Structure formats: structure tokens, C-alpha cells
Amino acid sequence: MEELLNLLADGRFHSGEALGESLRVSRAAVWKKIKSLETLGLTLDSVKGRGYRLHPGVELLSQEKIVDYLDVDTAASVKVQALLETTSTNDQVRDIIVDRPDLKAVCLAEYQSGGRGRRGRVWNNPFGSNICLSLRWFINEGMASLEGLSLAVGVSVVKALESCGASHLKLKWPNDVLWQSENGYQKLSGILLEVHGDPTGECEVIIGIGVNVALTNEQIDSIGQPAVDMTRICGKAVSRNRIAGAVINELSHMLDGFGKSGFAAFREQWLAYDAFAGRKVMLDASGKKVAGIAGGVNQHGALLLENADGVLAYSGGEVSLREQV
């Protein structure tokens, strides 16, 4: 499959016969591989008499190109791996071997078959259409020091996407990046954190990030909630490799600061992007619903909700937030 994609990556038409000769397989085998790629969601053009090509605008992830987008400091502090397919980048990133304890490992994949979203949901990503990225980071101060990290990650993602041309972006507590359109908010990116280790000592943090980049109308409709991609927001194609590089840059710099100052250094930035500040919302905490006015977050990243009972603080976990209409 990877050899076939490398042949198609030039954007030109290749006949089934020529592809078969290069891959040392039959034309029928080439056709089956093409259909497998289309099943995964990759857009390919097929023209009788000319053959197959990647649809114009499809850009495959390139480890080399992503690294080229990194600044000097980031390039020296991360190890990047770009894969064709994996079950989950959150799992795969843990297998990346680093030779320094301060080195951050980053894994990206064109397609993941077992991607995980928040609250046990499945994160679906069509082949070659999104950014699926996981970063592994170690911290020695215990789990309590990670309060508000998912919010700080959200700030990093917003800043990265803005640097690639996006605008009107907002953050939904605790871990969604939204685009504010005339028709309301649409989801652009999601974040998932997994923490392993000692509650009071060294912790391994896996940060999973998904960004919609270039989806078809059918793929957008299949998401199950209002969604958008970078192509629609920017009105033109945006390089996936550039987006990946920008996210890694912002994420790496944020983690360096978070390790020293915690969420307090990022709270004001998060509040500036707060999608629901001052609005009526409904909070669902493990099945218990609480209504109130969203009042931002405290210094620990907990959501502040004001109602007849006063100002209540809610942390992450099995908590979700919706605006009341």
C-alpha cells in the first residue's frame, strides 16, 4: 500500500499496468489496493485509458516536510514519526524510542483504525483528510501538576491553526476547538489526554489531537455533530504538513512553559477564546445535569458555573457542556 501511494504521490495519472509492473503485482491486485484506499476514505481519480491518480489537493503526510516546518528549538526537542496506518497514534507513540528523557515523541498517521475520542467515543478519520497526532511527554511533579493541561493544549492548537490561516476560533471547555460561523459553532478539532504513572512522581502524558483538514460533504455529515474543516474556514487548501508542524511547534513550547508554571500561565489566553463565557449552559456530570451561567475557569482549569446555589467549580473527567438555547 505504501509503495502504491508513493507512486501516486506525484499527482499524475498512472495506468494499472504501469503500477503493476512497478509493484511487481497484477493489474487486478492494483485494482484491489486502489479500492482498499478508497474504502479508507482517500479520494482518488480514475479515468479510463489514463489510469489512477491522487485527487488534486490531496497531500500525504511527510515526516521530512513536517520536520522542515519546525523551528530550531522544537526540532531539537522532538522525535517525529509519520505512519501510513496504525490502530491508534496514542498507543503507537509509546513505542517510539527516544535517547533522552526530555525528548518528546510525536506520532502521526494517515489513518487509524482504533482512534479514541473522549468519553469512550470512536475518533473516525478518513485517510489523508485530517491530522491525527499524538505526543508523549514526561513530567516529574505528579498528576496534580497536570491540572488544566488539556485547556493549555487547546490554546496551543488554536494558535497553531490561526498561524495557518484560520480565524474566528473558540475553545469549548474542556477540550474542543470550535469555529464560530453565522450558523453557530462547528467543531474543528478535538483533544484527548491519557496519563500513566505515579500520582506523586513521574507521569507519562499522551496528548492526542485530531484536526479536520479537508473533508468531503459526506464525511462532514457523517460526524454526527456540526463540524467544519480547515479548507472550508480558509477558503482554500491548507498544507497538512504545515498544520502538523505548526501544532507540534506550539505544543512543544507550551509544554516547556507548563512544566515550569502550570495552567496559571495560560489561563488568560484560554479565557480570551472561551466560547460560552456569560452564556446559559447545561453541564452533564456523569448523568447529573446542572444548569447555570458559564463563568470561565479558575486557576486550576475547572469550569466555573453560576446558578442559585452559587458559583460551582467542575473539573474534567466525565463532564460535558452544552449551551442552553
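Bear in mind these aren't lab numbers, they're just calculated from the coordinates by the rules spelled out. These numbers come from a predicted model, not from an experiment. With ideal geometry, Cβ positions are generated from the backbone for all residues, glycine too; neighbour counts draw on all protein chains shown.
Amide H contacts for residue 274 (H built 1.01 Å from N in the peptide plane; partners 5 or more residues away or on another chain; cut-off under 5 Å): 171.
Amide hydrogen proximity for residue 181: with H placed 1.01 Å from N in the peptide plane, the residues at 5 or more positions away or on another chain lying under 5 Å are 186.
In this structure the amide hydrogen of residue 297, modeled in the peptide plane, comes within under 5 Å of the amide hydrogens of 304, none closer than 5 places in sequence on its chain.
Radius of gyration (Cα atoms) of the chain, expressed as a multiple of 2.2 N^0.38 Å: 1.06.
For the chain, adding -39500 (n - 2.57) for each run of n ≥ 4 DSSP H residues and dividing by the number of residues yields -8000 deg cm²/dmol at 222 nm. Considering only 147, 182, 17, the Gaussian network model of the chain with Cα springs below 10 Å gives its largest mean-square fluctuation to 182.
With the simple model of a label 7 Å out from the Cα in the direction of the Cβ, residue 236 to residue 221 spans 2.9 nm. Couplings for region 295-300, taken from phi via the Karplus curve 6.51 cos²θ - 1.76 cosθ + 1.60 with θ = phi - 60°, read x, x, 9, 8, 5, 9 Hz in order; Gly and Pro are left as x. Rounded to the nearest whole Hz, the Karplus-based 3J(HN,Hα) values (6.51 cos²θ - 1.76 cosθ + 1.60, θ = phi - 60°) of region 188-203 follow the sequence 10, 8, x, 10, 9, 10, 10, 10, 10, x, 8, x, 10, x, 6, 10, with x at glycine and proline. Other residues within the sphere of radius under 9 Å centred on the Cβ of residue 139, judged by their own Cβ, net out at -3 (K and R +1, D and E -1).
Placing dummy labels 7 Å off each Cα toward the beta-carbon, the span from residue 2 to residue 24 is 1.6 nm.
Specify whether the C-alpha gyration tensor of region 207-272 places it in the rounded, prolate or oblate class, a ≥ b ≥ c being the square roots of the eigenvalues: rounded for a/c under 1.5, otherwise prolate if a/b is larger than b/c and oblate if not. Judged from the Cα gyration tensor, region 207-272 comes out prolate (a/c at least 1.5, a/b above b/c).
Considering only 288, 260, 170, the Gaussian network model of the chain with Cα springs below 10 Å gives its largest mean-square fluctuation to 288. Entry note, the chain: relative contact order of 15 percent, from Cα contacts under 8 Å with a spacing of 6+ residues.
In the chain, the longest principal axis of the Cα atoms and the axis of helix 27-39 are about 20 degrees apart. Modelled spin-label separation between residue 264 and residue 73, with each label point placed 7 Å from Cα along the Cα-to-Cβ direction: 2.1 nm. Taking Cα atoms only, the orientation of helix 149-163 departs from the longest principal axis of the chain by about 50 degrees.
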